[in-house]
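A.B. asks: I have a structure I would like to understand better, so I am pasting it below and will then ask my questions one at a time.
The values are calculated or read from the model by the stated rules, or taken from the named source; none is laboratory data. Given the structure is predicted, the values throughout are model-derived calculations rather than measurements. Counting neighbours? That spans all protein chains shown, and the Cβs are built from the backbone with ideal geometry, glycine included. SASA here: full protein model, heavy atoms, side chains in, ligands and nucleic acids out. Shrake-Rupley method; radii C 1.70, N 1.55, O 1.52, S 1.80 Å.
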Amino acid sequence: MGKLEGTVAIVTGAGQGVGQGIAFALAAEGCAVAVTGRTASKLDDTCAEISKRGGRALAIACNVKNPDDLARCVETTAAELGGIDILVNNAQEVPLGSLEQVTEAAFEAGFESGPMATFRLMKLCRPHLQKRGGSIVNLASTAAKRWDMAGYGAYAAVKEGIRAISRAAACEWAEDGIRTNVILPHATSPALAGWIEGNPEEAAAFQATIPMRRIGDCEDDIGRFVAMLCSDDAAYVNGQSIALDGGQASLG
């Protein structure tokens, strides 16, 4: 029996990359997973793979910038899968570029898809999470810890907003049996692959600063850690920001 047998999770942005890896790992531990994202075909592929491995998954098309979509996602998950025990806020539109390059529209989209969507979904899921005791895992970035923030200011700003509201939830909701933590991953996602292709020299220098000299795997390195974090093995872990980056960042 898996560590998460009988639990139900919502994972946003689970059609590919880190979100997909997390969905795979949660399902492997016995969790039924609501696989959400904007592209139905990608969600179907993720669900098909989970089913092939013997797990249970439900595809729900959802744009995290749309409050109605978020409400429908929560209602559908609870009705179809029997509750909600785990929430993973992974989906995010990333505003990359210098302060001069990033438009107000891109910055606003970053906030809407990041801190605002996280805020909304946490509040929507709270009544379900507190019924059986639950776990929230939000995704941030070590970008705010770079010594040279040039080109990453807007991106870091939205991710730090997620860390702030996560810490508040950890303090306010713990007495309701809800734990809230943040992971800051480096993983071999399509987004990272695109960044590496577009910035080969910077990418090589970046990887050279990782003590383990490799980028993490979406399922084995990121997903399996999230599964553990949501299990009883981490029952006393709350309010933490944990870098899953091979030792690169110092969060102290």
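A.B. asks: What does the charge count near V102 come to, summing +1 for each Lys or Arg and -1 for each Asp or Glu among other residues with Cβ under 13 Å from its Cβ?
C.D. replies: Spelling it out: positives minus negatives among the neighbours equals -4.
A.B. asks: Kirkwood hydrodynamic radius (Cα pairs, Å) of region 23-169? Mind showing how you got there, number by number?
C.D. replies: On the way: mean 1/r = 0.0615 Å⁻¹.
About 16.3 Å for region 23-169.
A.B. asks: By average Cβ neighbour count within 10 Å, what is the ranking of 12-21, 201-210 from highest down?
C.D. replies: Sorting 12-21, 201-210 by mean packing, highest first, produces 12-21, 201-210.
A.B. asks: What residue among G114, I162, P127 has its Cα farthest toward the positive end of the dipole of region 108-178, where the charges are +1 on Lys, Arg and -1 on Asp, Glu, each on the Cβ?
C.D. replies: Most positive-ward Cα: P127.
A.B. asks: Still on this structure: Can you tell me the order of 1-10, 221-230, 171-180 when each peptide is scored by its average per-residue count of other Cβ atoms within 10 angstrom, highest first?
C.D. replies: 221-230, 1-10, 171-180
A.B. asks: Just one of (i) 55, 46, 30; (ii) 61, 45, 31; (iii) 47, 37, 33 is Cα extents along the principal axes in Å calculated from these coordinates, so which is it?
C.D. replies: (iii)
A.B. asks: Further question: Give, rounded to the nearest 20 debye, the magnitude of the charge dipole that the chain has about its Cα centre when Lys and Arg contribute +1 at Cβ and Asp and Glu contribute -1 at Cβ.
C.D. replies: Values: 22 positive and 30 negative charges, 91 e Å.
That gives a dipole near 440 debye.
A.B. asks: Straight-line reach from K3: which lysines have a Cα under 22 Å away, not including same-chain ones fewer than 8 places off?
C.D. replies: K52, K131
A.B. asks: Add +1 for every Lys or Arg and -1 for every Asp or Glu among the other residues with Cβ under 15 Å from the Cβ of D45, and state the total. Present the calculation step by step, with values, prior to reporting the outcome.
C.D. replies: On the way: positive: R38, K42, K52, R53; negative: D44, E49, E219.
Within the 15 Å Cβ shell, the charges total +1.
A.B. asks: A further question follows. Taking Cα pairs under 8 Å and at least six residues apart, what relative contact order does the chain come out at, in percent?
C.D. replies: 21
A.B. asks: Which one of M149, C47, A25 is farthest out on the positive end of the charge dipole of region 1-150, using unit charges on Cβ (Lys, Arg +1; Asp, Glu -1) and the Cα centre as origin?
C.D. replies: So the residue we want is A25.
A.B. asks: Mind putting a number on the dipole of region 118-238 about its Cα centre? Charges go on the C-beta only, +1 for Lys and Arg and -1 for Asp and Glu, and I need it in Debye to the nearest 20. Present the calculation step by step, with values, prior to reporting the outcome.
C.D. replies: Values: 14 positive and 14 negative charges, 95 e Å.
It works out to roughly 460 debye.
A.B. asks: Given Cβ point charges of +1 (Lys, Arg) and -1 (Asp, Glu) and nothing else, what value in debye, to the nearest 20, does the dipole of region 1-136 about its Cα centre take?
C.D. replies: 520
A.B. asks: Add -39500 (n - 2.57) for each DSSP H run of 4 or more in the chain, then divide by its residues: what number comes out at 222 nm, to the nearest 500 deg cm²/dmol?
C.D. replies: -13500 deg cm²/dmol
A.B. asks: Could you let me know the centre-to-centre spacing of region 23-87 and region 176-210, using Cα atoms, in angstrom?
C.D. replies: 23
A.B. asks: Quick one: accessible area per residue over region 1-49, 1.4 Å probe, rounded to a whole number of Å²?
C.D. replies: Per-residue accessible area for region 1-49 comes out at 35 Å².
A.B. asks: What is the sum of charges, Lys and Arg at +1 and Asp and Glu at -1, for the other residues whose Cβ falls under 12 Å from the Cβ of T188? Walk me through the numbers on the way to the answer.
C.D. replies: Numbers: positive: R214; negative: D217, E219, D220, D221.
Counting the neighbours of T188, the net charge comes to -3.
A.B. asks: If DNA, RNA and ligands are ignored and the probe is 1.4 Å, what is the ranking of S98, S113, S51 by accessible area, most exposed first?
C.D. replies: Of S98, S113, S51, the descending order of accessible area is S51, S98, S113.
A.B. asks: Using DSSP to define loop residues, name the trypsin sites (Lys or Arg not before Pro) in region 42-139 whose beta-carbon has at most 13 other beta-carbon atoms within 10 Å.
C.D. replies: Qualifying residues, ordered by number: R53.
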